[in-house]
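Heads up: the structure comes next, in structure tokens.
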Amino acid sequence: MKLTIDDNVLDGTLSLPIDGLSPGAQAIIQGYADGYQCNRDFITASLFTVVSAAVGKRVCSDDGRYRNYFPLFVCLVAPSGSNKTTPMREMLRPLSNRNASNYKIFQEEMKKYNAETNAGKENVEKPKFRQLIISDSTPESRIKALSENPNVLLVSDEIATMLYNMNRYNKSGEVPQLISIWSVDDIIINRKSETALLIKEPCLSIIGGTQPDV
């Protein structure tokens, strides 16, 4: 069977329903869509991803047999010039601002840490950057962020670049690892030169965009 879809007919007629959301959320979605003159779904998907990243593992569904968190892997697919990246980044701004604020705190804590260690103090705990957002990253840096933070959002403006680079330089098993992360399964990392690392229920959301032909 050959299925033909007329994009001109579908354009503007099919959209993610938002009527079940709160009036405030609906107003935000429609306001940004009107303001940026973009497809409403870009805003809806971005809003869902922001909430997913902000909530992390604070909320889960539990029916007595299965407990599920809500990480989202989202790809906005639309032709170039559809104005999908700027609205997405605008929706991410609250997390970006918090991320920047956390980094300033981390820098101040590192100054104090360095001063104390230089003064000869022992058993001083090294500060950690409470990182909410990471960009295109290596598997190693992604794992490090997940090991130090309860929830992380990976933002990739051109998500195809991240996909093309998977396992490019070594057979690291990156794809199975990401599938496990999406399922919030524990990750155990064993390296010959490093201590074994256990990440309990890693929580990672991903958002990016690409074009239909890609």
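Let me confirm the definition first: pairs of Lys residues in the chain, 8 or more apart or on different chains, C-alpha distance under 20 Å. How many are there?
20
Pick from Ser22, Ser101, Ser141: which is most flexible by mean-square fluctuation in a GNM of the chain where alpha carbon atoms under 10 Å apart are linked?
Ser22
How much accessible area per residue does the range 18-98 have, in Å², with a 1.4 Å probe?
Values: 4630 Å² over 81 residues.
Per-residue value: 57 Å².
Any chance you could list P(r) for the range 115-170, counting all Cα-Cα pairs in 10 angstrom bins from zero, rounded to whole %?
The distribution over the range 115-170 is 19, 36, 24, 13, 7, given as percents.
Would you kindly state how much longer the chain becomes between Lys57 and Ser15 on full extension, computed as 0.36 nm times their sequence separation minus their alpha carbon distance, in nm to one decimal? Let's see the in-between values first.
Values: separation 42, 0.36 × 42 = 15.12 nm, distance 2.83 nm.
So the chain would gain 12.3 nm between Lys57 and Ser15.
I'd like the FRET efficiency for Ile189 and Ala27, computed as 1/(1 + (r/R0)^6) with the beta carbon distance as r and R0 of 30 Å, rounded to 0.05. Spell out each step's value before the answer.
Working: r = 44 Å, r/R0 = 1.46.
Once rounded, the FRET efficiency stands at 0.10.
What's the carbon and sulfur percent of the chain's accessible surface, probe 1.4 angstrom, rounded to a whole number?
Working: 7270 of 13770 Å².
Looking at the chain in its full context, I get 53 percent from C and S.
If DNA, RNA and ligands are ignored and the probe is 1.4 Å, what is the ranking of Leu163, Leu92 by accessible area, most exposed first? Numbers along the way, then the final one.
Numbers: Leu163 95, Leu92 5 Å².
Greatest to least solvent exposure: Leu163, Leu92.
Mind computing the radius of gyration and Dmax over the alpha-carbon atoms of the range 89-214? Å is fine for both.
Cα-based Rg and Dmax for the range 89-214 come out at 17.0, 59 Å.
In what sequence, largest accessible area first, do Asp63, Asp157 appear using a 1.4 Å probe?
On the way: Asp63 95, Asp157 65 Å².
From most accessible down to least: Asp63, Asp157.
Rounded to the nearest 0.05, what FRET efficiency is calculated for Met166 and Asn123 with R0 set to 41 Å and r the Cβ-Cβ distance? Walk me through the numbers on the way to the answer.
Working: r = 40 Å, r/R0 = 0.98.
After rounding to 0.05, the efficiency reads 0.55.
Which residues make up the longest stretch of the chain clear of GluC sites (Glu not before Pro) that lie in a DSSP loop with no more than 11 other Cβ atoms within 10 Å, not counting the sites?
On the way: sites that count: Glu122, Glu125, Glu194.
In short, 1-121.
Order the following by accessible area, largest value first: Thr195, Thr210, Thr86. Probe radius 1.4 Å; ligands, DNA and RNA are ignored.
Details: Thr195 125, Thr210 15, Thr86 75 Å².
Accessible-area ranking of Thr195, Thr210, Thr86, largest first: Thr195, Thr86, Thr210.
Using amide H atoms built 1.01 Å from N in the peptide plane, name the residues 5+ places from Glu158, or on other chains, whose amide H lies under 5 Å from its own.
Under 5 Å from the amide H of Glu158: Gly209.
Between Ala78, Ala119, Ala25, where does the largest GNM mean-square fluctuation fall for the chain, given springs only between Cα atoms within less than 10 Å?
With Cα springs under 10 Å in the chain, the top fluctuation among Ala78, Ala119, Ala25 is at Ala119.
At R0 = 25 Å, how high is the FRET efficiency between Gln211 and Thr86 if r is their beta carbon distance? Nearest 0.05 is fine. Let's see the in-between values first.
Working: r = 16 Å, r/R0 = 0.63.
Result of the calculation: an efficiency of 0.95.
Rounded to the nearest 20 debye, what is the charge dipole size of the chain about its Cα centre when +1 sits on each Lys and Arg Cβ and -1 on each Asp and Glu Cβ?
Details: 24 positive and 25 negative charges, 157 e Å.
With Lys and Arg at +1 and Asp and Glu at -1, about 760 debye.
Starting from the range 85-148, pick out the trypsin sites (Lys or Arg not before Pro) whose DSSP state is loop and whose Cβ has at most 10 other Cβ atoms within 10 Å. Mind dumping the intermediate values first?
Details: sites: Arg89, Arg98, Lys104, Lys111, Lys112, Lys121, Lys128, Arg130, Arg142, Lys144; in loops: Lys121, Lys128, Arg130.
Those satisfying the criteria are Lys121.
By its C-alpha gyration tensor, with a ≥ b ≥ c as the square roots of the eigenvalues, how is the chain shaped: rounded for a/c under 1.5, else prolate for a/b larger than b/c, else oblate?
Numbers: a/c = 1.97, a/b = 1.63, b/c = 1.21.
Prolate shape, in that a/c is at least 1.5 and a/b is the bigger ratio.
When DSSP beta bridges are limited to those with both residues in the chain, what percentage is antiparallel, rounded to the nearest 5?
Values: 5 of 18 bridges.
Here the share of antiparallel DSSP bridges comes out near 30 percent.
The values are calculated or read from the model by the stated rules, or taken from the named source; none is laboratory data. Note that this is a predicted model, so its numbers are computed, not measured. Using ideal geometry, Cβ is built from the backbone for each residue, glycine included, and neighbour counts are taken over all protein chains shown. Side chains are part of the model used for accessible areas, which takes the heavy atoms of the whole protein and leaves out ligands, DNA and RNA. Shrake-Rupley method; radii C 1.70, N 1.55, O 1.52, S 1.80 Å.
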